[in-house]
Amino acid sequence: MTGPDGKQLTYLARGETLLPVTPGGLLEGDYRVETINDNEIIVVYSPLNEKTVINIRAAE
């Protein structure tokens, strides 16, 4: 999905809340979205420079 600014946009759920995420965007201050592609979202915990890979699949 593409946001109004033309950047790739997807959503992550935290409980009942949907969080819009874009590459380079911040989550809860300490997490940065590094990459979004068809298969995964890579998030970096900035204080430790620790990467987390979230595997995703396209809606059917």
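Please state which one of Glu28, Glu50 is among the charged types (D, E, K, R) and on the phi > 0 side of the Ramachandran plot.
That would be Glu28, the only listed residue that is among the charged types (D, E, K, R) and on the phi > 0 side of the Ramachandran plot.
Filtering region 12-57 down to residues that are among the small types (Gly, Ala, Ser) and farther than 19 Å from Thr2 by Cα, which residue is farthest from the chain's Cα centre (by Cα)?
Gly15
Go through Val53, Val44 for me and flag whichever is surrounded by 14 or more Cβ atoms within 10 Å (Cβ to Cβ) and of a type in the set (A, V, I, L, M, F, W, C).
Val44
Being outside any loop (DSSP other than H, G, I, E, B) and among the hydroxyl-bearing types (Ser, Thr, Tyr) is the filter here, so list the residues in region 19-60 that pass it.
The answer is Tyr31, Thr35, Tyr45, Thr52.
Just name the residue that is nearest to Ile56 (Cα to Cα) out of those in region 4-45 that are small (Gly, Ala, Ser) and in contact with a strand residue (DSSP E or B) (Cβ under 9 Å, 6 or more places away or on another chain).
Ala13
Got a number for residues in region 1-33 being touching a Gly at 6+ places or on another chain (Cβ under 8 Å) and within 15 Å of Lys51 (Cα to Cα)?
Residues in region 1-33 being touching a Gly at 6+ places or on another chain (Cβ under 8 Å) and within 15 Å of Lys51 (Cα to Cα): 2 in total.
Every read-out reported here was derived from the displayed coordinates using simple, explicitly stated rules and does not represent laboratory data. Quantities reported herein were computed from a predicted structural model and do not represent experimental measurements. With ideal geometry, Cβ positions are generated from the backbone for all residues, glycine too; neighbour counts draw on all protein chains shown.
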